[in-house]
């Protein structure tokens, strides 16, 4: 599709086509390591994990009450059984039950072999060692079967899963001490541009603080990443080429910001063609059109634009899925939903746009979204105020208040 805001001689690559090219080009990191379970949060499993035991390990009670045999239940009238002991969680009842007997039992406690039902304590009356049960109770209730959650030999977590707190709890319940995970990705990050200065320096005319490396550091804060900040590189072609070559020797991925456009001091594409391979350069996305993807030796390269909002959008929409694939994690698409727009959205056809919005939900469960205001790629406050992207297709010419639009929340919490 031709972007009327540019002078491109041919249609730009769509974001979907760019993602397909990356998917075809990337080969996941096969190396793995074992880590103790408590250090595995967010890591990607290198293989399937099966349970060495039943979960639960034994039949146990789901409630505090009394365990009995269904053979002793009288469905026509109340009945009384003799209390012969207690089964505690972690301290099972020792002995055998005879007809007409029951045991006091607590949640999680092992059921005596002869019992198959638990009646909650609120339903009975106790008179010393005699426990009276109502006629209305049902058999086979409040019982947790052995292996009810996961049977011995059953799959706990599939390989390629990024471990969540619930996964870690499940693995711990099976007694798993350590797990095989994909090794961390080594990622080099640096900014380019003579205009950049570091935080802590005094403001200067013509200079700007390098916010991109800080935003990228936060975006890359993932247990699967080992990101190294290589600083800011001035607009020196030879220095930039030397830095790229050096970084490519010891990293899986290089991510740069700036220098990927068409100015006289923008060298990234030329250097990549000289010392590596350019897979694509420029895509039909706004913000973020001047994005380069390629390879230097065995190291993948992402050259992101220089404007801060473009950096965040292209990282989240292009780079993040690529890193997930490279790390061996299962692919999943971001949550997207329809919301009623409450503000007018301006857009020219040509590129798919990711405008910043504020998503809300009313008491009826309906979703609404409003623009954060100015959408320039330099307006970083538009990202700070937003909690979602408003996604407008390449063909779209904007939206009016009251129209349904597609949104992608940054988080499920709104």
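Where a number appears in this text, it was derived from the coordinates with a stated rule and is not lab data. All values derive from a computational prediction rather than experimental measurement. Glycine gets a Cβ as well: all are built from the backbone with ideal geometry, and neighbour counts include every protein chain shown.
List of remarks:
- Ranking of 340, 243, 314 by count of other Cβ atoms within 10 Å, fewest first: 340, 243, 314
- Legend: ranking of residues 88, 281 from fewest to most surrounding C-beta atoms inside 10 Å; resulting order 88, 281.
- Cα extents for the chain along the principal axes, largest to smallest and rounded to whole angstrom: 94, 52, 43.
- Residue separation of residue 80 and residue 24 scaled by 0.36 nm, minus their Cα-Cα distance, works out to 13.0 nm of gained length.
- Kirkwood hydrodynamic radius of the range 337-409, Cα pairs, Å: 12.2
- Within the chain, DSSP assigns beta bridges of which about 65% are antiparallel (rounded to the nearest 5).
- Summarising the label geometry, the points placed 7 Å from Cα in the beta-carbon direction at residue 401 and residue 230 lie 4.9 nm from one another.
- Mean Cα-pair separation over length for the chain, i.e. relative contact order, pairs under 8 Å, 6 or more apart, %: 16
- Chain lengthening between residue 368 and residue 139 when straightened (0.36 nm per residue, less Cα-Cα): 77.4 nm
- The range 189-206 and the range 273-313 have Cα centres spaced 21 Å apart.
- Sorting 178, 116 by the number of Cβ atoms found within 10 Å of their own Cβ, with the fewest placed first, yields 178, 116.
- Extended-chain gain in nm, criterion 0.36 nm per residue less alpha-carbon gap, residue 381 and residue 239: 47.9 nm
- Sites residue 70 and residue 149, calculated FRET efficiency, Cβ-Cβ separation with R0 25 Å, nearest 0.05: 0.60
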